[in-house]
Amino acid sequence: MSIESINPATGEIIETFTPYTTEQVNAALDEAQQAFRQWRSTTFAERGALMTRVATYLRANKAELARVATLEMGKVIAEAEAEVEKCAWNCEFYAEHAEAFLADEPVATNAASSYIAYRPLGVVLAVMPWNFPYWQVIRFAAPALMAGNAAVLKHASNVSRCALEIERVFKECGAPAGLFRTILVPGSAVADIIADPRIAAVTLTGSEPAGVSVASASGHALKKTVLELGGSDAFIVLDDADLDAAAQMAARSRFQNCGQSCIAAKRFIVVESVADAFTEKFVAAAKALRVGDPLDHDVQIGAMARADLRDELDRQVRASVQMGAQVALGGAPIEGKGAFYAPTVLTGITTDMPVFREETFGPVAPVIRARDTQHAIELANDSTFGLGGNLWTRNIDRARQLAGQIESGNVFINGMTASDPRLPFGGVKHSGYGRELSQFGIREFVNIQTVWIGPAAGSATAEPQAAAE
Ligand code: NAP
């Protein structure tokens, strides 16, 4: 079966790809392994020079690369350009900081000298989603390559051209052959690739079911994994919040990327006394968003990435409405061609409704009323996910305390959750495990090696301590 790229704004097939044969996948893994054997011995300066060239290339070719993403998955062009820019930033960030993040760390012991060293692991398989087709890949690849690893990318099947573009960019910027390889294969081919001895470790950004499959296959093969899975982030508004700022940021957070972001605010939990005022402002902000052709620079909401994803979102909305949710805005697909969905705000939400229980991956915002602050925190934690969270209050001391009660990998107070190369990124609970970005991200795909040099102090031999293990 062929792999198709379909423009979700028009429904037209843009390009058709033939999945790679077993021989092609084998050749890619061989090449990556050979590249790793050379690359692991390069200096940080050499690796950083490649990453800097990639950053420069991305900036210089931002418009063309952004257009490819918009055509394949429907995001608005201004956001696609910003995504390419962010990739460049990440490449530069790791070019500058990787050496310090991975420098040997002396540790005082009974040895004449002992230290921790960070060695690359080998070829890392990256299974990636379509929602930020460049950023998700570069977020992983910049630190992994700077640490001395090689990478094989299996991208989401609806963004195959983006996947090939990333491979081309690395090649054109002078990466050794095979250091970054793309393979076009379906998700069903992933387990066998994980089992291949040429793959040292695996990273997945994607849905919970894909996480279960990848973690199982990796567990079976005893390979290290990082999982960045779904989220259903709470956006908590307390009674002393700046409601105007909160409503504006709520609309930005929920509706960016047409609502298809793992760290988008997905459950708006508002304390009773300010719920009506917040909802009114939030609906007004959502109503003001321009929906339309994602190639138009003035449009803020494009098409959803695939028609089947739009239909699934609509199912969640309709089931919730049947259970008593009220439509304050939108509430249905937009008629005509393309996978468009009207920006939607729902009220009267109860915790058994799909829009509360499940991840909504599109432009739908449920507003939930909380009796008080403590109830708001309980509602926030009443989720299988634990990726991010937002808290709006003018009382920062109270916010710091409440942050400790929120079960998530990040809490943004009076701001919008966003990834940043300088800060660790990842989740708890069913949102996955492991971290990307910052010094934590670059240390995921390394062998943390202890080096001990004798003789031991106060001993005639060079043996470490007598007791084994
Ligand atoms: P998805 O369906 O899980 O796909 C993600 C990747 O996994 C694709 O490359 C897909 O390949 C592959 N895949 C699917 N099923 C698989 C399986 N059983 N075994 C191995 N690989 C498999 O997710 P998506 O629809 O692209 O992305 C949306 C999800 O990703 C949401 O849940 C979102 O929250 C999550 N996400 C998380 C983060 C984060 O950082 N935590 C960031 C972005 C998105 P095919 O396309 O060929 O099926």
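Each reported figure results from applying straightforward, stated rules to the coordinates on display, with no laboratory input. Here the structure is a predicted model, which is why all the values come from computation and not from measurement. When we count neighbours, we look across all protein chains shown, and the Cβ atoms used for this are built from the backbone with ideal geometry, even at glycine.
Please work out which residue is farthest from Gly409 (Cα to Cα), limiting yourself to the range 231-255 and to residues that are surrounded by fewer than 23 Cβ atoms within 10 Å (Cβ to Cβ) and of a type outside the set (A, V, I, L, M, F, W, C).
The residue in question is Asp244.
Residues of the range 144-184 being of a type outside the set (Phe, Trp, Tyr) and closer than 15 Å to Ala55 by Cα, which ones?
Hits for the range 144-184 are Leu145, Met146, Glu165, Ile166, Glu167, Arg168, Val169, Lys171, Glu172, Cys173, Gly174, Ala175.
With the requirement that a residue be within 14 Å of the ligand (Cβ to nearest atom), in a helix (DSSP H, G or I) and of a type outside the set (A, V, I, L, M), what does the range 148-170 give you?
Ser157, Asn158, Ser160, Arg161, Cys162
Can you tell me which residue within the range 351-373, out of those that are touching a Phe, Trp or Tyr at 6+ places or on another chain (Cβ under 7 Å) and in a loop (DSSP other than H, G, I, E, B), is surrounded by the most Cβ atoms within 10 Å (Cβ to Cβ)?
Selected residue: Pro363.
Considering each of Ala126, Ala108 in turn, give the residue that is farther than 30 Å from Ala305 by Cβ, outside any helix (DSSP H, G or I) and not basic (Lys, Arg).
Values: Ala126 fails: farther than 30 Å from Ala305 by Cβ.
Testing whether each residue is farther than 30 Å from Ala305 by Cβ, outside any helix (DSSP H, G or I) and not basic (Lys, Arg) leaves just Ala108.
Tell me which of these Ser431 doesn't satisfy, since it passes every other one: (1) without any contact (Cβ under 8 Å) to a residue 60 or more places away in the chain; (2) surrounded by 16 or more Cβ atoms within 10 Å (Cβ to Cβ); (3) among the polar types (S, T, N, Q).
(1)
Only one of Glu96, Glu85 is over 26 Å from Glu15 (Cβ atoms), assigned to a helix (DSSP H, G or I) and either away from the ligand (no atom under 16 Å from the Cβ) or touching an Asp or Glu at 6+ places or on another chain (Cβ under 9 Å) (or both). Can you tell me which?
Glu96
Are any residues in the range 204-250 more than 7 Å from the ligand (Cβ to nearest atom), of a type in the set (S, T, N, Q) and under 19 Å from the mean Cα position of the chain (by Cα), and if so, which ones?
Thr225, Ser232, listed by residue number.
The rows are residues; the columns are (1) surrounded by fewer than 23 Cβ atoms within 10 Å (Cβ to Cβ); (2) away from the ligand (no atom under 16 Å from the Cβ).
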site	(1), (2)
Ile77	yes, yes
Cys91	no, yes
Ala103	yes, yes
Ala111	yes, yes
Ser114	yes, yes
Val124	no, no
Arg139	no, no
Pro143	no, no
Met146	no, yes
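If Ser273 satisfies all but one of (1) within 16 Å of the ligand (Cβ to nearest atom); (2) surrounded by fewer than 20 Cβ atoms within 10 Å (Cβ to Cβ); (3) of a type in the set (Ser, Thr, Tyr), what's the number of the condition it fails?
With respect to (1) within 16 Å of the ligand (Cβ to nearest atom); (2) surrounded by fewer than 20 Cβ atoms within 10 Å (Cβ to Cβ); (3) of a type in the set (Ser, Thr, Tyr), Ser273 is out only on (1).
Give the residues of the range 191-214 that are within 19 Å of Gly386 (Cα to Cα), touching a Leu at 6+ places or on another chain (Cβ under 7 Å) and surrounded by fewer than 18 Cβ atoms within 10 Å (Cβ to Cβ), sorted by residue number.
The answer is Ser207, Glu208.
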